[in-house]
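Structure first, commentary second.
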Amino acid sequence: MTTIALSSFPVLAMIRHGAYHQRQNTPSALQPFQLTEEGQQEVVLAAQRFATLVKENNWQISPIIHSSNQLRAWQTARIYQRELADLFSETPTHITHNDLSERSVGCAANLTIDEIEDILNKDPRFDSAPKNWKSDSHYCLPLQGAESLMIAGERVANYLLSQSNKLHSTQTTNNEATEVKLFFGHGASFRHAAFHLDVISLCDIKRFSMHHGEAVMIQQQNDDRWIHIAGEWKIRKQANSYND
C-alpha cells in the first residue's frame, strides 16, 4: 500500500522482532533467546515488503538504526539492515538501547508466571498478584526493578519522541525526501508507547497486536500530534487470550 508523509518530521517505523525461542508460561521481557529459523525467514519477507513501500514513497532511510538490547530485536534489525542495504545513503550504524526493551519484571526476570506468583504468595510484604496481572496495563509487580506495561510504554514513547525531535532539528531545509527511522523492539511496549503518543486509544492496546517482523509507522505532525502513517496493526481474535 502506497501512502504519503504528512509533515516535516521523520516517519518512525516501529518493528516488532520475529518469532523466537520463547520459554513458555514466562513473561517475554528479558528472555535472551534467538530468533527461530521460521522467525528469521518471516523477517526477511517483511523487510522486502518494507523496501517496496520505501521505494514507492521515495522515502530516505536514516542510516542510524535503533534496537533494544534483546537478541531477538538485535537480530531482526540486522536482517533489515542486510535486506535494505541498497536503500541506505551511507553505511548504517546500529545502536542498541535499554529504553526500547519490553516491560521488565525486575528481579523476577525469566521466572515462570507460576514461580512469580508463588514468590508473592510467600512474601508477607506483598498481596497476591491479581488475575491476569501479566496483561494488566497498569499493574506493576512489587519487586525490585519491575515496571508496569504503561511505564514501559512511556519509556519507549519518550525515546521515540526524543529521536523524532532530534532528527527533525538536524534536517536540512533543502532535503525534500521524507526520512524514515527504524526502531526494533517489542509488541507490548510499542503498543503502549503508541497509546502515550495518542496514536491509539486505551481499548486499542488490547484489541491490537503487532505482526512479527512487520513495521507500524507513525509520524509527529507540525502541531506535535502523532498519527499512524502506514503498516497494519494485527487485530486480535476475540477467542485469543491477551497475555502481553
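Looking only at the chain, where both bridge partners belong to it, what percent of the DSSP beta bridges are antiparallel (to the nearest 5)? If we restrict to bridges inside the chain, about 45 percent are antiparallel. Within the same chain, lysines fewer than 8 places from Lys55 are excluded, and of the rest, those with a Cα less than 18 Å from its Cα are Lys181.
Relative to the longest principal axis of the Cα atoms of the chain, the long axis of helix 187-196 lies at roughly 70 degrees. The chain gives an Rg/Rh value of 0.98, both radii derived from C-alpha positions and Rh following Kirkwood.
Calculated on the Cα set of the range 13-157, radius of gyration then Dmax: 18.1, 60 Å. Residues in the range 62-75 carry Karplus couplings, in order, of 4, x, 9, 9, 10, 8, 6, 7, 6, 4, 4, 6, 4, 5 Hz; the curve used is 6.51 cos²θ - 1.76 cosθ + 1.60 with θ = phi - 60°, and Gly or Pro positions show x.
Could you work out the helix-only [θ] at 222 nm for the chain, with each DSSP H run of four or more residues adding -39,500 (n - 2.57) and the total divided by the number of residues, to the nearest 500 deg cm²/dmol?
Numbers: 6 runs with 82 residues, N = 244.
That calculation yields -11000 deg cm²/dmol at 222 nm.
Residue-normalised convex hull volume from the C-alpha trace of the range 1-77: 120 Å³ per residue. Going 7 Å from the Cα of His94 along its beta-carbon direction, which residues of the range 19-34 have the amide nitrogen within less than 16 Å of the resulting point? Answer for the range 19-34: 19, 33-34. What FRET efficiency would be calculated for the residue pair Glu232, Asp114, taking the C-beta separation as r and a Förster radius of 25 Å, to the nearest 0.05? Using R0 = 25 Å, I get an efficiency of 0.10.
Just checking the listed ones, Ser62, Ser28, Ser169: in the Gaussian network model of the chain with Cα springs under 10 Å, the one fluctuating most is Ser169. Where does the longest stretch of the chain lie that holds no GluC sites (Glu not before Pro) found in a DSSP loop with 16 or fewer other Cβ atoms within 10 Å? Here the longest run is 1-89.
Rounded to whole numbers, the Karplus 3J(HN,Hα) couplings from phi for the range 98-104 are 4, 5, 9, 6, 6, 3, 8 Hz, using 6.51 cos²θ - 1.76 cosθ + 1.60 with θ = phi - 60°, and x at Gly and Pro. Taking amide H positions as modeled 1.01 Å from N, with prolines and chain starts lacking one, the residues under 5 Å from Ser67 and 5 or more places away or on another chain are Ile95, Thr96, His97, Phe184.
In the context of the full set of protein chains, the range 175-240 has a per residue accessible area of 43 Å² (1.4 Å probe). Rolling a 1.4 angstrom probe over the chain with all protein chains present gives an accessible area of which 47% lies on carbon and sulfur atoms. Using the Cβ-Cβ distance between Arg23 and Lys131 with R0 = 25 Å, the FRET efficiency computed as 1/(1 + (r/R0)^6) comes to roughly 0.70.
Rounding to the nearest 10 and keeping the result within 0 to 90°, find how far the Cα-based axis of helix 37-57 lies from the longest principal axis of the chain. Here the helix axis deviates by roughly 40 degrees.
The values are calculated or read from the model by the stated rules, or taken from the named source; none is laboratory data. Everything numeric in this text was worked out from a predicted model, so none of it was measured. Every residue, glycine among them, receives a Cβ derived from its backbone with ideal geometry; neighbour counts consider all protein chains shown. Ligands, DNA and RNA are stripped out before the accessible areas are found, and what is left, the full protein with its side chains, is counted by its heavy atoms. Shrake-Rupley method; radii C 1.70, N 1.55, O 1.52, S 1.80 Å.
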